1. Looking at region 168-238, which GluC sites (Glu not before Pro) are in a loop (DSSP not H, G, I, E or B) and have at most 11 other Cβ atoms within 10 Å?
2. For S421 and A439 in the same chain, what is the full-extension length gain: residue separation times 0.36 nm, less their Cα-Cα distance, in nm?
3. Which FRET efficiency, nearest 0.05, do M110 and K210 yield, Cβ-Cβ r, R0 51 Å?
4. Neighbouring Cβ atoms within 10 Å as the yardstick, rank D231, D78 fewest first.
5. At 7 Å along Cα-to-Cβ for each site, give me the label-to-label distance between N354 and K195 in nm.
6. Quick test of the membrane-span-like rule: which DSSP H helices of the chain reach at least 20 Å along their long axis (C-alpha atoms) with mean Kyte hydropathy at least 0.5?
7. Rank the residues M408, M442 as a footprinting-exposure proxy: fewest other Cβ atoms within 10 Å of their Cβ go first.
8. Compute the FRET efficiency between I81 and K180 as 1/(1 + (r/R0)^6), taking r as their Cβ-Cβ distance and R0 = 25 Å, and round to the nearest 0.05.
Amino acid sequence: MWATFNTLTRKFKEKANKPIQDPHTGQITNDPKTIANILAAVLVNKREQLPSYSTEENNTMKKQIGVAVKEKGDYDKDFEIEELYHVINKLPKNKSPGLDGITNDVIKEMGPKSKDFLCHLYNMCLAKARLPRAWDTSLIVPILKQGRNSLSPDNYRPISLTSVFRKILEHLIKHRIEEKIDKALSRRQVGFRKKRSTIDAVVKLENEIKIGMQEKNSVYAIFYDLTSAFDSVPLQLVAQKLSMHIKGKISLTKIEETYVAIKNVISDKIQFTKGVPQGGVLSPLLFNLVLADFPFKNVDGQIFADDIVSWAKGRTPEEAKKTMKISVIEAVNWANLNKLVFSNKTVAMIFNANKRNDLQRLEIDVDGLHIPLVNHTRYLGVSIDLKLNMKLHINNILRETSNSINLMKCLAGKNWGADRSILKLFYTAAIRSKIEYAAPLMAEM
């Protein structure tokens, strides 16, 4: 039933198994090996075009990291077999394997002696701060972004698949360092953290804006967008930030070799100096750590993964802008220091502004970053407009769910098709979930 749903609605994740246009020659190719190499080259070029640390900066960071690695840390103690069993028992089923083809199910079927040896192997990796070469390799499966042209190699999201042996080790490491890292994060960071959700973040944002408007203030909000957020983070920066909180060899984690896979054909080897793998076990934790010191100077705000929003209040739109501009200057300086870039998708909104105001005059420009004012935007899956009345969001839900409702009718023939339980499951997953997502906000209408 789900295969039919995905096919008819075209919501399935399309892998790069369609023709691709070479950005240099303009030629269109169907050859899997050529497609894989084109996509691999584009991924490398994208990251190389982003800012990088100088040789002097790199050497300074390496020294700092080296000092932390040499220090004996509590996190370097041997893994216990109970820790390994705990991780293995929680491995999900039906997950794609890495380049070695070994699945989670294979690991679950291993006998006690094999698991004892695996635990010993992990402790050797911990002691030597080295991994077997096969574990240091990732396989990238390019997924076409929804609604994008499949011919353009820029329109694919790189999803990394690593060896299940590496994933288990990362889970073991994560369990040890997660609590320590969580304490190092900002109170404004709400992504990838326990007991915090996207809708909590949206509710907080809207409540803060409404309070400001009730106080007769103008509220200036900026929705930051980092260029290729997960892919652009320098690995040296990740290692340095980690070494500031976690001492010992456990902090050494990186991917040495990467390949792009198309129709069971892999590209030539590529190497990255930037980016945490999308889909990696430790990636959300490490990315949070990188953003932990994002500045909110004289303003309030919050961070959910790479979605950063800040807001400032003022008696007039001009006053709110003045406060916000100081914060933007700090944010741009922070990005420059960390070799990150804000994209042209960064936008702003002014709530409770007089319609007679020259809105263009209220836009912010800092160090080449132009932040346009817009009437609506999308934040964590919720459409937000200047009136905060959820009308735009509801219209979007109606449009998105109408297709699913029509499909449900097609699947519900009297003498054929899906039975009642399947239709209920379909309704709950494809329709009701979208309606209920922003229910707390709609309840305040």
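Please treat every number below as a calculation from the coordinates, not as lab data. Please read all numbers here as calculations on a predicted model, not as lab measurements. We place every Cβ from the backbone using ideal geometry, glycine too, and count neighbours over all the protein chains shown.
1. Details: sites: E170, E178, E179, E206, E208, E215; in loops: E215.
When the GluC sites (Glu not before Pro) of region 168-238 are filtered for loop state and at most 11 Cβ neighbours within 10 Å, E215 remain.
2. Working: separation 18, 0.36 × 18 = 6.48 nm, distance 2.47 nm.
This chain segment gains 4.0 nm when fully extended.
3. Working: r = 55 Å, r/R0 = 1.08.
That gives a FRET efficiency of 0.40.
4. D78, D231
5. 4.6
6. Working: long enough: 32-48 (24 Å, 0.31); 55-70 (22 Å, -0.90); 112-128 (24 Å, -0.16); 164-184 (28 Å, -0.50); 198-214 (24 Å, 0.18); 317-337 (30 Å, -0.22); 391-411 (30 Å, -0.10).
Helix filter hits for the chain: none.
7. Details: M408 18, M442 15.
Lowest to highest Cβ neighbour count: M442, M408.
8. Taking R0 as 25 Å, the efficiency between I81 and K180 is 0.60.
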